[in-house]
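What follows is calculated from the coordinates using simple rules that are stated; it is not laboratory data. Quick caveat: nothing in here was measured; it's all calculated off a predicted structure. When we count neighbours, we look across all protein chains shown, and the Cβ atoms used for this are built from the backbone with ideal geometry, even at glycine.
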Amino acid sequence: MDNPVEGETPQARLKQLGMLSLLYTLHLANIPLTLTNITEKTGLTRGGAAEPIDQLVGRGLLTERWSKNALGRGKAREFEISDALFASLKAASVARGE
């Protein structure tokens, strides 16, 4: 997040940080990271939720895959926090002596 993408505003980075915080909370609660679950928790529209998520995927902080939706008939985008992000957080924690 220290390296803004060209044309990216501080507001966009703040949205991404907030979204990461929410996604981590859902991850800890074992709630699948889907757009439906995110919109239910935040009240955002699908487009409003997809914008920061797509930016996080582009940065490599989230990985995206397709899974079956809750009804089992259609497809849903499901996200995971990348292993690289967990590794960098762990390294930062070790560096601070935590």
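When Arg77, Arg46 are sorted by how many other C-beta atoms sit within 10 angstrom of their C-beta, beginning with the fewest, the order is Arg46, Arg77. Fully extending the segment from Ser67 to Glu51 would add 3.8 nm, taking 0.36 nm per residue of separation and subtracting the current Cα-Cα distance. Full extension of the chain between Val94 and Thr36 yields a length gain of 17.4 nm, computed as 0.36 nm times the residue separation minus the alpha carbon distance. Using the alpha-carbon atoms, what tilt in degrees (0 to 90, nearest 10) does helix 10-28 show relative to the longest principal axis of the chain? The angle comes out near 70 degrees. Taking amide H as placed 1.01 Å from N in the peptide plane, the amide H of Ala76 sits under 5 Å from that of Ser67, Lys68, Asn69, each at least 5 places away or on another chain. Residue exposure proxy: Ile81, Ile53, Ile31, ordered by other Cβ atoms within 10 angstrom of their Cβ from fewest to most, comes out as Ile31, Ile81, Ile53.
Want the number for Ala29 to Ala84: 0.36 nm per residue separation, take away the alpha-carbon distance, what's left?
17.7 nm
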